[in-house]
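Here, each number is a calculation from the coordinates, and none is a lab measurement. These figures come from a predicted structure and were not determined experimentally. In this analysis, Cβ positions are derived from the backbone assuming ideal geometry, glycine residues included, and neighbour counts consider all displayed protein chains.
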Amino acid sequence: MTVAQSPTNGIAKRRSATSGQRTSLNFVAIDFETASYRSDSACAVGLVKVAKGEIVDTAVHLIRPPTRAFTFTHIHGLTWSDVAESDDFGKLWPRLEPFLDGAAFFAAHNASFDRRVLHACCQTYGVAAPSLPFRCTVQISRRAWNIYPTKLSDVCRELEIALNHHEALSDAMACAQIVLAAHQE
């Protein structure tokens, strides 16, 4: 399912520069939710595409992981019954890959986690992993605004970004807005 969405959340008080700095900013913010400790257990993915410094598209998908084990339901609320009829990553990837066209990098909060999940899913399903580098919004938030602690909920609270934490599209949208806000500083 692809959902068009315009960002209506405020990134209020800390922005001050011109939007001209955003014109060449092309990236995809990504967030995975996982079913278990296995890196290839993605059960949801949210994507937000930014082109020329503007959010132009969003997508969110449930993913059937390789096993029925769900350890993290208490975090994201998803269960096997929510994803049992969804495509696995291998079948979903051909719909995700075009979303990356024109992107210079991925943005993610705690990027090493999302990079690990993406690469593990690609490996499990025999898909070539994209070569885009990752930029971490934890590090961006620390450098741009000296925000500590730097959990996504803390950063969003500080920047007045709406967040439904651990919902893949909401987390990806927050990451996109953090990158855009940092580029306006």
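Listed values for the range 171-184 are Karplus-derived 3J(HN,Hα) couplings in whole Hz (6.51 cos²θ - 1.76 cosθ + 1.60, θ = phi - 60°), namely 5, 5, 4, 4, 4, 4, 5, 5, 4, 4, 5, 5, 6, 8, and x replaces Gly and Pro.
Considering helices alone, the calculated mean residue ellipticity of the chain at 222 nm is -10000 deg cm²/dmol, with DSSP H runs of length four and up weighted by -39500 (n - 2.57) and normalised per residue. Phi-derived couplings, Karplus 6.51 cos²θ - 1.76 cosθ + 1.60 at θ = phi - 60°, listed residue by residue for the range 84-96: 4, 8, 7, 5, 6, 4, x, 7, 7, 3, x, 8, 7 Hz, with x used for Gly and Pro. Taking 7 Å steps out from each Cα toward its Cβ at residue 56 and residue 38 produces label points 3.6 nm apart. Look at the alpha carbon pairs under 8 Å that are at least 6 residues apart: their mean separation over the length of the chain gives a relative contact order of 30 percent. Measuring how big the range 66-109 is from its alpha-carbon positions, Rg and Dmax come out at 13.9, 36 Å.
Rounded to the nearest Hz, the phi-derived 3J(HN,Hα) couplings of the range 36-47 under the Karplus curve 6.51 cos²θ - 1.76 cosθ + 1.60 (θ = phi - 60°) are 8, 6, 5, 5, 8, 9, 3, 10, 7, 9, x, 9, where x marks glycine and proline. Taking 1.567 mPa s as the viscosity and 4 °C as the temperature, the Stokes-Einstein diffusion coefficient of the chain based on its alpha-carbon Kirkwood radius rounds to 78 µm²/s. Database remark: amide H of residue 43 closer than 5 angstrom to the amide H of 33, 34, 35 (H placed geometrically; neighbours at sequence offset of 5 or more, or on other chains; Pro and chain starts carry no H). Computed over every Cα-Cα pair of the range 90-185 and binned at 10 Å starting from 0, the pair-distance distribution P(r) comes out as 15, 46, 29, 10, 0 percent.
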